[in-house]
Amino acid sequence: MKTDFDAIIVGGGGSGLAAAVSAAEHGLEVLVLEKLPVLGGTTGIAVGSLTANRTSLQDRAMIEDGLEQHLEDVRKFARPEIEARNNEPLRRYFLSESAETYRWLVGMGLAFHGPSPEPPNRVPRMHNVVPNAKAYIAVLQNRFLRLGGTIYCNSPVKRIHISQDGAQGVEAQVTGETIRFRARRGIVLAAGDYANSQSLIAAHKGDAYADIEGINPHAQGDGHRLIESIGGDLINMDVTWGPEIRFIPPQKQPFVQLLPTGGWAARLMGRLLPFVPTRIVQLLIKRLLVTWQHPDEAIFEDGAIMVNSKGERFCHEGRWPDREIALARQPGKIAYILLDERLIQRYSAWPHFVSTAPEIAYAYVQDYLRLRPDVSVGGCSLEEIARARHLPANNLIDAVTQFNRSVQNGREDPFGRAGRSETLKGNSWVLLGPAKAYFTITEGGARINESLQVLRPSGEPIKGVYAVGCNGLGGQILFGHGLHIAWAMTSGRLVGKVLAVEANS
């Protein structure tokens, strides 16, 4: 087994594979170590939007855009107190490089459609990969192997070796055997976020959030722990996207995930997509939409209630994040959203949707009943839908009765909910769920410079150690669709160039 390489990439998700390809393109011998049996990480389960400015796809659509306009718009996504913590110089650098990253990806054969609008962006900037984010993984993996790269899966990295001269290499468990690998030029940490790390979430965000899961069960913060172990500075570790309510994913792979993600077939799809009827494109996207997106907040404002697996209410449905914290403490960490006849009709047509990929597609009650029967059931009575989900019917009826009584009396219910809700009634009912509380992604990462070097609290770089993607967010706030994938690809592309300069020097 070869153990000496120019660069070692820790993690085989989007940012890790982008770093590996970039470094290999610059002539380096590169090893990727991935802890799971397959590549992909959180990138591999995403919808796949990449947000960028001044791209060829925008030019083709006659969209005028600029870096300064994008910088102004991206500041509007996060709450002011969160946005105030952003590393503005680094985010400027990232967005200034986004168009070149898009060109680089297209040059490898990835196809995109759009761009799609996402307010408060003033112009469309979301570039949607065909058919979904697995395309990034397939194309990057293929490119890396063609460049002579080496990939070991089932190979978690346990330790980074550091000397006075900087990073020397890593120790990894390869098929159960401890192997020490030497990195001549550098180690790149690309091991993803920590959304499913109970200990890191509790330590940085608070014990109340510890029971909430991440959408990627393997996002355990491995890279963050390695950074901490060598004295790197971690910042913004309490900032998260979420928690939010999402329906549990389907056990079977949706059809759209089986579409070609690389090679001539994906390129052909990209060329043909503008000629495909809109309704077909919408259907493909909608299948992803009902798989990964969360119910819109307005559904609770309009009167929907939640019950647990016992058919009992347990929270104020309109109060975030207390609602998600309470949900994670229910039996099985699951809940169901109850809609009556009025809400079913209301959430059956624009502008009232159950979930959305902004300005791309909208999913209504009938879409869930048709595409996700595993998380939606309809019936003519509360007893019927309770029976379909094995909930105690008497408890569900009592929950509705007590809610209606509070509404009719015009006073707060036992959970503090009051206001403009209407009573739940009618001859049609829908139960959506199981749903769980999830962290989508985390914003904390290593403090880095524009060379992607990991910094100590003093600001001194740790020689030979770099971080990309969620390991190397560097204090950026990247709220908004498509920014995390854009950063994963951009930081990976840039670190390959940095490693090449290091090799030449």
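The values are calculated or read from the model by the stated rules, or taken from the named source; none is laboratory data. Since this is a predicted model, take the numbers as computed values, not measurements. For neighbour counting, all protein chains shown are included, and Cβ atoms are generated from backbone atoms with ideal geometry for every residue, glycine included. Heads up: the accessible areas ignore ligands, DNA and RNA and are worked out on the full protein's heavy atoms, side chains in. Shrake-Rupley method; radii C 1.70, N 1.55, O 1.52, S 1.80 Å.
Can you pull out the residues in segment 218-227 that are surrounded by fewer than 19 Cβ atoms within 10 Å (Cβ to Cβ) and within 19 Å of PRO37 (Cα to Cα)?
The answer is HIS218, and nothing else.
Out of ILE187, ILE215, ILE248, ILE201, report the one residue that is buried (at least 19 other Cβ atoms within 10 Å of the Cβ), under 30 Å from ALA78 (Cα atoms) and either modelled with pLDDT under 95 or more than 20 Å from the chain's Cα centre (by Cα) (or both).
ILE215
Please identify the pairs in which a residue from segment 299-311 that is over 18 Å from ALA328 (Cβ atoms) has its Cβ atom under 9 Å from the Cβ atom of a residue that is open to solvent by 10 Å² or more (accessible area, probe 1.4 Å) and in a strand (DSSP E or B), counting only partners at least 6 apart or on another chain.
Every condition considered, the pairs that remain are ILE299/HIS352; ASP302/HIS352; GLY311/TYR336.
Any residue at all in segment 313-334 that's open to solvent by less than 10 Å² (accessible area, probe 1.4 Å) and part of a strand (DSSP E or B)?
No, every residue in segment 313-334 fails to be open to solvent by less than 10 Å² (accessible area, probe 1.4 Å) and part of a strand (DSSP E or B).
Regarding segment 56-67, can at least one residue be identified that is part of a helix (DSSP H, G or I) and touching an Asp or Glu at 6+ places or on another chain (Cβ under 7 Å)?
Yes; the residues of segment 56-67 include at least one that is part of a helix (DSSP H, G or I) and touching an Asp or Glu at 6+ places or on another chain (Cβ under 7 Å).
Within the group ALA437, ALA467, ALA446, which residue is in contact with a Pro (Cβ under 6 Å, 6 or more places away or on another chain), modelled with pLDDT of 95 or more and crowded, with 24+ Cβ neighbours inside 10 Å?
Of the residues listed, the single one that is in contact with a Pro (Cβ under 6 Å, 6 or more places away or on another chain), modelled with pLDDT of 95 or more and crowded, with 24+ Cβ neighbours inside 10 Å is ALA437.
Just to be sure I understand, how many residues within segment 30-79 are at pLDDT 95 or above, in contact with a strand residue (DSSP E or B) (Cβ under 8 Å, 6 or more places away or on another chain) and among the polar types (S, T, N, Q)?
3
To keep it simple, each residue is scored yes or no on (1) aliphatic (A, V, I, L, M); (2) not in a strand (DSSP E or B).
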| site | (1), (2) |
| --- | --- |
| PRO457 | no, yes |
| TYR466 | no, no |
| ASN471 | no, yes |
| GLY474 | no, yes |
| PHE479 | no, yes |
| ALA486 | yes, yes |
| MET489 | yes, yes |
| LEU494 | yes, yes |
| LYS497 | no, yes |
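Give segment 401-423 a look and list any residue that's within 35 Å of the chain's Cα centre (by Cα) and hydroxyl-bearing (Ser, Thr, Tyr), or say none.
If the condition is that a residue be within 35 Å of the chain's Cα centre (by Cα) and hydroxyl-bearing (Ser, Thr, Tyr), then SER421 is the only one that fits.
Scan segment 113-155 residue by residue and report those that are of a type in the set (A, V, I, L, M), open to solvent by 30 Å² or more (accessible area, probe 1.4 Å) and either part of a loop (DSSP other than H, G, I, E, B) or in contact with a Pro (Cβ under 6 Å, 6 or more places away or on another chain) (or both).
Of everything in segment 113-155, just one residue is of a type in the set (A, V, I, L, M), open to solvent by 30 Å² or more (accessible area, probe 1.4 Å) and either part of a loop (DSSP other than H, G, I, E, B) or in contact with a Pro (Cβ under 6 Å, 6 or more places away or on another chain) (or both), namely LEU147.
So how many residues does segment 55-71 have that are of a type outside the set (Ser, Thr, Tyr) and either in contact with a Leu (Cβ under 8 Å, 6 or more places away or on another chain) or touching a residue at least 24 places away in the same chain (Cβ under 8 Å) (or both)?
Of the residues in that region, 10 qualify.
If I ask for residues that are at positive phi and surrounded by fewer than 24 Cβ atoms within 10 Å (Cβ to Cβ), which ones from segment 2-39 would you list?
Within segment 2-39, just GLY27 meets the criteria.
Those residues that are outside any loop (DSSP other than H, G, I, E, B), out of contact with any strand residue (DSSP E or B) (no Cβ under 9 Å at 6 or more places or on another chain) and open to solvent by less than 90 Å² (accessible area, probe 1.4 Å), I need them from segment 80-91; list them, please.
ILE82, GLU83, GLU88, PRO89, ARG91
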